[in-house]
Amino acid sequence: MSREVGRKLFAGEIDFLKGVVAMSGLPADDRIEVCFAGRSNVGKSSLINALTGRKALARASNTPGRTQEINYFTLGDARYLVDLPGYGYANAPVQVVEKWQALLKQYLSGRASLRRAFVLVDSRHGVKPVDEEIMTLLDRSAVTFQVVLTKCDKIKPSHHDSLLDQVRGALSKHPAAYPELVLTSSEKGDGIATLRSIIAGIS
């Protein structure tokens with residue numbers, strides 16, 4: 001049932017609303033929102049495009065750090081999908097990086113309507129120190145977060161268990177972490193229906 005609810009939600013209206021460069025530009029917090037955070041080049045845009053079934057809704061780029069705004073998408077008439085700037089490596093001037101890292105932190109710690117953050121982790125690399133920083137920020141902000149492993153089609157089955165052990169070990173230190181991991185491949189479509197149904201079930 002929940003899969004069907006998820007499918008229907010994402011088959012409906014999804015539109016780009018606005019790109020935000022300061023907290024003052026955020027839309028009214030009058031609906032549930034979920035956000036996607038991840039290191040630059042983790043495959044965030046590709047995942048959002050796969051979820052929504054729209055090839056160019058989020059701009060996928062070969063240049064890490066291209067998304068330097070908080071991008072808002074309307075999902076039906078009762079939810080926002082929020083695409084956060086990539087963190088970690090970014091091919092941008094230091095002052096620019098600092099400015100949008102500060103915006104990212106302000107958003108994560110001060111958005112009342114934010115129900116869940118999806119922290120994207122590249123399955124080829126596991127949880128890195130820069131991911132831990134964001135997870136700690138989410139702990140402090142009391143924002144529930146759930147790890148979504150991306151690019152799962154790129155790892156050998158023999159590496160699967162050690163990856164899951166590493167990620168679960170990292171999450172055990174974070175009180176705001178939701179226990180269920182979501183394994184995805186934007187290319188193959190793995191895990192996309194699961195993630196849609198999770199988002200549809202958040203209230």
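The values are calculated or read from the model by the stated rules, or taken from the named source; none is laboratory data. The model shown is predicted, which means the values in this text are computed figures rather than measured ones. In this analysis, Cβ positions are derived from the backbone assuming ideal geometry, glycine residues included, and neighbour counts consider all displayed protein chains. Keep in mind that these areas ignore ligands, DNA and RNA; they rest on the heavy atoms of the full protein, side chains included. Shrake-Rupley method; radii C 1.70, N 1.55, O 1.52, S 1.80 Å.
Candidates Glu4, Glu33, Glu13: the one that is surrounded by 19 or more Cβ atoms within 10 Å (Cβ to Cβ), modelled with pLDDT of 90 or more, farther than 18 Å from Ser186 by Cβ and not aliphatic (A, V, I, L, M) is Glu33.
Just so you know, in region 16-30 the residues that are free of Cβ contacts under 8 Å to residues at least 60 places away in the same chain and assigned to a loop (DSSP other than H, G, I, E, B) include one that is most open to solvent (accessible area, probe 1.4 Å), and it is Ala28. Looking only at residues that are in a loop (DSSP other than H, G, I, E, B) and of a type in the set (A, V, I, L, M) in region 164-185, which one is nearest to Thr150 (Cα to Cα)? Filtering first and then ranking leaves Leu181.
Take the residues of region 36-59 that are farther than 24 Å from Asp131 by Cα and among the aliphatic types (A, V, I, L, M): which is least open to solvent (accessible area, probe 1.4 Å)? Restricting to residues being farther than 24 Å from Asp131 by Cα and among the aliphatic types (A, V, I, L, M), the top hit is Leu57. When region 74-93 is filtered for residues that are of a type outside the set (Gly, Ala, Ser), at pLDDT below 95 and open to solvent by less than 30 Å² (accessible area, probe 1.4 Å), the ones remaining, listed by number, are Asp83, Leu84, Pro85, Tyr87. Checked against (1) open to solvent by 10 Å² or more (accessible area, probe 1.4 Å); (2) at pLDDT below 95, Leu138 passes all but a single condition, namely (1).
On the stretch given as region 146-161, residues that are in contact (Cβ under 8 Å) with a residue 60 or more places away in the chain and either assigned to a loop (DSSP other than H, G, I, E, B) or among the polar types (S, T, N, Q) (or both) total 2. Glu132 meets the conditions (1) over 15 Å from Arg39 (Cα atoms); (2) open to solvent by 10 Å² or more (accessible area, probe 1.4 Å) in every case but one. The failed one is (1). Return the residues of region 186-203 that are assigned to a loop (DSSP other than H, G, I, E, B) and small (Gly, Ala, Ser); say none if nothing qualifies. Ser186, Gly189, Gly191, Ser203, listed by residue number. The residue that is nearest to the chain's Cα centre (by Cα), counting only those in region 152-167 that are open to solvent by 100 Å² or more (accessible area, probe 1.4 Å) and more than 24 Å from Ser46 (Cα to Cα), is Asp165. Kindly establish whether Glu180 is modelled with pLDDT under 95 and surrounded by fewer than 20 Cβ atoms within 10 Å (Cβ to Cβ). Considered against the rule, which asks whether it is modelled with pLDDT under 95 and surrounded by fewer than 20 Cβ atoms within 10 Å (Cβ to Cβ), Glu180 comes out as no. If the condition is being of a type in the set (A, V, I, L, M, F, W, C) and in a helix (DSSP H, G or I), then region 31-53 contributes Leu47, Ile48, Ala50, Leu51.
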